[in-house]
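Taking it in order: structure first as structure tokens, then the write-up.
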Amino acid sequence: MNRTELKSMAKAAIKGKIGILFIISLIISVVSGLAALVLGFIPVVGPIASVVIVSPAFALSMVRVYLNVANGNKPEAKDAFCGFDDFWSAFKVCFLVGLFTFLWSLLFIIPGIIKSYSYRMAMYVLAENKGKSALACINESKEITKGYKADLFVLDLSFIGWSLLCCVTFGIALIWVMPYIQTTYVNAYNSLKKPTLNDVEVDQQVVE
């Protein structure tokens, strides 16, 4: 996993797409805020509904959007809602990742951090495999990150400067920085994931 290469690919992939990516992020932010505000008036059930349905679904939407970007496709504004077609699976992935990370953190902070990197790619797996069970997504994430958790940690550290830039510019730099970072993470996922059976068959046909 070459960080320089992953970042160069990300810069090339988001070129000419910053505007639509900003619109998608804006839609998600506005709708999430409105949903939390409206549902907040419903005692007990309202806030829970916001967390269960809205947040995980939008998280899945963002992953799918940037998977498309990394693959050379230009997203559309409607893609902000593409995660709602599998919102229940998205919730289960988010819930179990949060639960497992918390339980590992009870053993001390370091095990929790390490395990968070093991689960990092679970939502990416779901984004490419609609309806896949949450545990299967988590197990696949654990498999593809095996031996690369330190690399992912260093990748996170490499964005500290960009995060500081966003603070200095009062968040304005996020318009470019967020797509850059998110696409880099997708590139990392693409570089780590194991080829599927179909991919192997296609490769064999090309060789033949």
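Return yes when ALA80 is within 14 Å of the chain's Cα centre (by Cα), among the hydrophobic types (A, V, I, L, M, F, W, C) and under 20 Å from ILE18 (Cβ atoms) and no when it is not. Don't jump to the end; show me each part of the working.
Numbers: within 14 Å of the chain's Cα centre (by Cα): yes; among the hydrophobic types (A, V, I, L, M, F, W, C): yes; under 20 Å from ILE18 (Cβ atoms): yes.
It is true that ALA80 is within 14 Å of the chain's Cα centre (by Cα), among the hydrophobic types (A, V, I, L, M, F, W, C) and under 20 Å from ILE18 (Cβ atoms).
Return the pairs, sorted by first residue and then second, in which the second residue is at pLDDT below 95 and open to solvent by less than 40 Å² (accessible area, probe 1.4 Å), the first residue lies in segment 22-41 and is over 13 Å from MET62 (Cβ atoms), the beta carbons are less than 7 Å apart, and the residues are 6+ apart or on different chains.
These pairs meet every condition: ALA35/SER50; ALA35/VAL54; ALA36/SER50; LEU39/GLY46; LEU39/ALA49; LEU39/SER50; GLY40/GLY46.
Inside segment 108-157, counting only helices (runs of 4 or more DSSP H) that do not spill past its ends, which hold 2 or more residues that are under 18 Å from PHE87 (Cβ atoms)? Break it down stepwise before answering.
On the way: elements: 109-118, 122-128, 134-144, 149-157.
Once the helices (runs of 4 or more DSSP H) in segment 108-157 are filtered for at least 2 residues that are under 18 Å from PHE87 (Cβ atoms), what remains is 122-128, 134-144.
Go through LEU60, LEU26 for me and flag whichever is modelled with pLDDT of 95 or more, open to solvent by 30 Å² or more (accessible area, probe 1.4 Å) and assigned to a helix (DSSP H, G or I). Can you show your working first?
Numbers: LEU60 fails: open to solvent by 30 Å² or more (accessible area, probe 1.4 Å).
Checking each option against the conditions leaves just LEU26.
For LYS78, indicate whether it is open to solvent by 30 Å² or more (accessible area, probe 1.4 Å), of a type in the set (D, E, K, R) and over 14 Å from PRO179 (Cα atoms). Spell out the reasoning first.
Working: open to solvent by 30 Å² or more (accessible area, probe 1.4 Å): yes; of a type in the set (D, E, K, R): yes; over 14 Å from PRO179 (Cα atoms): yes.
Spelling it out, LYS78 is indeed open to solvent by 30 Å² or more (accessible area, probe 1.4 Å), of a type in the set (D, E, K, R) and over 14 Å from PRO179 (Cα atoms).
Is at least one residue of segment 149-162 farther than 24 Å from ILE110 by Cβ, modelled with pLDDT under 95 and either more than 17 Å from the chain's Cα centre (by Cα) or not aliphatic (A, V, I, L, M) (or both)? Break it down stepwise before answering.
So in segment 149-162, the residues farther than 24 Å from ILE110 by Cβ come out as 161-162.
Those still in the list that are modelled with pLDDT under 95 too: 161-162.
Add one more test, that the residue is either more than 17 Å from the chain's Cα centre (by Cα) or not aliphatic (A, V, I, L, M) (or both), and what stays is 161-162.
Taking every residue of segment 149-162 in turn, at least one turns out to be farther than 24 Å from ILE110 by Cβ, modelled with pLDDT under 95 and either more than 17 Å from the chain's Cα centre (by Cα) or not aliphatic (A, V, I, L, M) (or both).
Do we have any residue at all in segment 40-51 that's hydroxyl-bearing (Ser, Thr, Tyr) and open to solvent by less than 40 Å² (accessible area, probe 1.4 Å)?
yes
Suppose the filter is buried (at least 21 other Cβ atoms within 10 Å of the Cβ), touching a residue at least 24 places away in the same chain (Cβ under 8 Å) and of a type in the set (Phe, Trp, Tyr); does TYR66 pass it? Don't jump to the end; show me each part of the working.
Numbers: buried (at least 21 other Cβ atoms within 10 Å of the Cβ): yes; touching a residue at least 24 places away in the same chain (Cβ under 8 Å): yes; of a type in the set (Phe, Trp, Tyr): yes.
Spelling it out, TYR66 is indeed buried (at least 21 other Cβ atoms within 10 Å of the Cβ), touching a residue at least 24 places away in the same chain (Cβ under 8 Å) and of a type in the set (Phe, Trp, Tyr).
Report, by residue number, each residue of segment 162-180 that is assigned to a helix (DSSP H, G or I), without any contact (Cβ under 8 Å) to a residue 60 or more places away in the chain and either open to solvent by less than 50 Å² (accessible area, probe 1.4 Å) or on the phi > 0 side of the Ramachandran plot (or both). Talk me through it step by step, then tell me what you get.
First, the residues of segment 162-180 that are assigned to a helix (DSSP H, G or I): 162-168, 174-180.
Pick out the ones that are also without any contact (Cβ under 8 Å) to a residue 60 or more places away in the chain and you get 162-168, 174, 177.
Those that are assigned to a helix (DSSP H, G or I), without any contact (Cβ under 8 Å) to a residue 60 or more places away in the chain and either open to solvent by less than 50 Å² (accessible area, probe 1.4 Å) or on the phi > 0 side of the Ramachandran plot (or both): CYS166, VAL177.
Within segment 99-107, does at least one residue satisfy the condition of being farther than 25 Å from ALA12 by Cα and surrounded by 21 or more Cβ atoms within 10 Å (Cβ to Cβ)?
no
The values are calculated or read from the model by the stated rules, or taken from the named source; none is laboratory data. Here the structure is a predicted model, which means the values were calculated and not measured. Ideal geometry is used to build each Cβ from the backbone, glycine not excepted, and the neighbour counts take in all protein chains shown. Ligands, DNA and RNA are excluded from the accessible area calculation, which covers all protein heavy atoms including side chains. Shrake-Rupley method; radii C 1.70, N 1.55, O 1.52, S 1.80 Å.
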